[in-house]
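*Asks:* Structure in C-alpha cells, see below.
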Amino acid sequence: MNKEGNNMKEVKLTQEQINAIFDFTRKKYVRYYDVQLELVDHIASEIEVLMGEDPNLSFDKAMYKVYKSFGIFGFAKVVEQKGSALRKFWKRRIVTFLLEYFTFPKVVMTLLLSVGFYGLFWILPLIAMDTFYWQGISWGISWGMVMVLQILYFKLRKKRKEEVKLLVVESLEGTQWMAVIWLWMPIYSIPVGQMDLGYALLNSLIFAVFSILIYGVLFVFPTWLEDEVKTYYTHLRPQSA
C-alpha cells in the first residue's frame, strides 16, 4: 500500500486504523463486503501518502480528506459503478456459456435436447387430442420447469449462505434470473395451439436452451461465483499490521 517520494516519510497504517476505515465505510452505507475491501485498500493507500507528505496530519483528518475526494455522492457512486460493471461481467459470461452449446462438441447436447423436446411436442398433442388440453400441458411443462428451478436453486443458495453480503453474489443472482425470464418469455409468444413443424422446431430449441440455462444456474454459475469470491478475498483482504 505504501508509496514513497522525495522527502516523504514512510507511513504504514495499523490494523486498528484499517478497522476504523472498515467501520467508516459501513457508516457510509456500503453494505457489501467486497466493495468495502476495495474501498479500504484504496483509502488506506491514499491516507498513507497524505500522512507521509504531512507528518502533522492526523489519521482522522486524512481519512476525511480522502472521503471528500469521492465527491458529493460519496461511496454511493462507487457501489453503483461496481454493480453495473459486475452485471455486465456476468452477462458476458452467461452469453459465452450459452454460445458454447452451439459449438462442437457441446452442440451435440443441444441437438439431443432439441430432438427430445421435438418428439415431446409431437406426441403430447396426439395424447391431448384437443388444442385447449395441449395448451394446458404446454404451459404446465414450462411452469413446472421454472418451479423446479426455483426450488432447487434456493436450496443450493441456502446451503451456501454467505456470512457477509457480497455485491459479486447479488449481481450474479440478479443477472441469471433476468436471463431465465428473458429466455422463458418467448415460450408464451408462441401459439401453442398451432403446433405445426416450424413451431415445434422453434419450441424445441427454446426449451433445449432453457434447460441448458437451468443447468448453468444450478451447477455451473455457483462454481464461477466461488472462484470469483476467492479472488476477491485473496487479493483485497487487508493484511494485519
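The values are calculated or read from the model by the stated rules, or taken from the named source; none is laboratory data. All of these numbers come straight from a predicted model, not from anything done at the bench. Counting neighbours? That spans all protein chains shown, and the Cβs are built from the backbone with ideal geometry, glycine included.
*Asks:* Give the stretch 90-118 a look and list any residue that's in contact with a Ser or Thr (Cβ under 7 Å, 6 or more places away or on another chain) and in contact (Cβ under 8 Å) with a residue 60 or more places away in the chain, or say none. Outline the logic, then answer.
*Replies:* Applying the first criterion (in contact with a Ser or Thr (Cβ under 7 Å, 6 or more places away or on another chain)) to the stretch 90-118 yields 90-91, 94, 101-102, 113-114, 117-118.
Once the filter is applied, which keeps residues that are in contact with a Ser or Thr (Cβ under 7 Å, 6 or more places away or on another chain) and in contact (Cβ under 8 Å) with a residue 60 or more places away in the chain, the stretch 90-118 yields Trp90, Lys91, Ile94, Tyr101, Leu113, Ser114, Phe117, Tyr118.
*Asks:* Moving to a separate point now. Looking at (1) surrounded by 15 or more Cβ atoms within 10 Å (Cβ to Cβ); (2) outside any helix (DSSP H, G or I); (3) of a type in the set (S, T, N, Q), which is the only condition Thr25 fails?
*Replies:* (2) is the only condition that Thr25 fails.
*Asks:* How many residues are exposed (fewer than 15 other Cβ atoms within 10 Å of the Cβ) and outside any helix (DSSP H, G or I) if we restrict to the stretch 93-105?
*Replies:* The number of residues fulfilling the criteria is 4.
*Asks:* Next question, about the same structure. Quick test of your reading of the structure: Val192 fulfils all but one of (1) surrounded by 12 or more Cβ atoms within 10 Å (Cβ to Cβ); (2) at pLDDT 65 or above. Name the failing condition by number.
*Replies:* (2)
*Asks:* How about the stretch 28-76: which of its residues are among the β-branched types (Val, Ile, Thr) and in a helix (DSSP H, G or I)?
*Replies:* Across the stretch 28-76, the qualifying residues are Val35, Val40, Ile43, Ile47, Val49, Val66.
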